[in-house]
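Novice: Supplied in structure tokens, the structure appears directly below.
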């Protein structure tokens, strides 16, 4: 069982990378991808903590990347942070250039952070994805219907169908990816061979309290713009 989309205090989550690892351990998650917005710092902290504590869970370095049109792409198995605010095809190419996997995050929600069917169709003229989030707690019935229709024509181009919680409050395993094996290498093989499967998680978390929501909104509305500005400055500085 893998959790392939979660956030920590490194971006707009309210749980530290170390605590996310502890939660994954408690829930029996085999593979955990930490995918903070536009930074891999939280993922690196989580991976280092898991190794230092001999945790059972296998931590993948990931990132939820903001593209030029604000569409979000999840990169998995990253060595370095991809550049932000680039086109979707250029983002996918940069993920693949470092040996990572590119996943379409929470598609067709009708929100600025969610790619539309038309924009995804345009991107597919220039790139191919390794997977798409077919199970995500934020996908309503309308988005699911649009996704089903899209997959009838483009299943080969968007890769494996995966499940992911998009957790911001430590509420992991609301949606998961099932695969044969237990390691990150096993998971990668399942995504590449499209034998991975999305599933609704059986874990029930208490509803986040007001304080948690305030922290999330503070990080989303105030901290993330500062983080992205710093990232863009470094991209400009480094060419």
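Where a number appears in this text, it was derived from the coordinates with a stated rule and is not lab data. Not measured: the values here are computed from a predicted model. Using ideal geometry, Cβ is built from the backbone for each residue, glycine included, and neighbour counts are taken over all protein chains shown.
Novice: When the Cα centres of segment 183-210 and segment 75-135 are compared, how far apart do they sit, in Å?
Specialist: 18 Å
Novice: If you don't mind, another one. Take segment 161-239, compute every pairwise Cα distance, and split them into 5 Å bins from 0; I just need the percent in each bin.
Specialist: 3, 13, 14, 13, 12, 12, 17, 13, 3, 0
Novice: Enumerate the residues in segment 156-191 having an amide nitrogen under 20 Å from the point lying 7 Å beyond the Cα of residue 54 toward its Cβ.
Specialist: Label zone hits: 183-184.
Novice: Now a separate question. Find the relative contact order for segment 111-236 and round it to a whole percent, using C-alpha pairs within less than 8 Å whose residues are 6+ positions apart.
Specialist: Result for segment 111-236 is 22 percent.
Novice: Sorted by mean Cβ packing within 10 Å, highest first, what order do the peptides 13-22, 48-57 take?
Specialist: Going by the mean number of other Cβ atoms within 10 Å, highest first, we get 13-22, 48-57.
Novice: How large is the helix-only mean residue ellipticity at 222 nm for the chain, computed as the sum of -39500 (n - 2.57) over DSSP H runs with n ≥ 4, divided by its residue count, in deg cm²/dmol to the nearest 500?
Specialist: Value at 222 nm, helices only, nearest 500: -11500 deg cm²/dmol.
Novice: Continuing with the same structure: For segment 2-95, how big is Rg over Rh, using alpha carbon atoms and the Kirkwood form of Rh?
Specialist: 0.99
Novice: Arranged by the count of other C-beta atoms within 10 angstrom, fewest first, what order do 150, 108 take? Before the final figure, lay out the partial values.
Specialist: Values: 150 19, 108 23.
In increasing order of surrounding Cβ atoms, one gets 150, 108.
Novice: D for segment 2-238, whole µm²/s, Stokes-Einstein with Kirkwood Rh over alpha-carbon pairs at 4 °C and 1.567 mPa s: what number?
Specialist: In µm²/s, the coefficient is 74.
Novice: So what is the relative contact order for the chain, in percent, with contacts set as C-alpha pairs under 8 Å and at least six apart?
Specialist: Computed value for the chain: 20 percent relative contact order.
Novice: Count the DSSP beta bridges whose two residues both fall in segment 119-239, then state the antiparallel fraction as a percent rounded to the nearest 5.
Specialist: Approximately 50 percent, going by the DSSP bridge assignments.
Novice: When DSSP beta bridges are limited to those with both residues in the chain, what percentage is antiparallel, rounded to the nearest 5?
Specialist: Antiparallel bridges make up about 50 percent of those DSSP assigns within the chain.
Novice: Residues in segment 116-159, backbone N under 20 Å from the label point at residue 68 (7 Å along the Cα-to-beta-carbon vector): list them, ranges by number please.
Specialist: Residues 116-129 qualify, since their backbone N sits under 20 Å from the label point.
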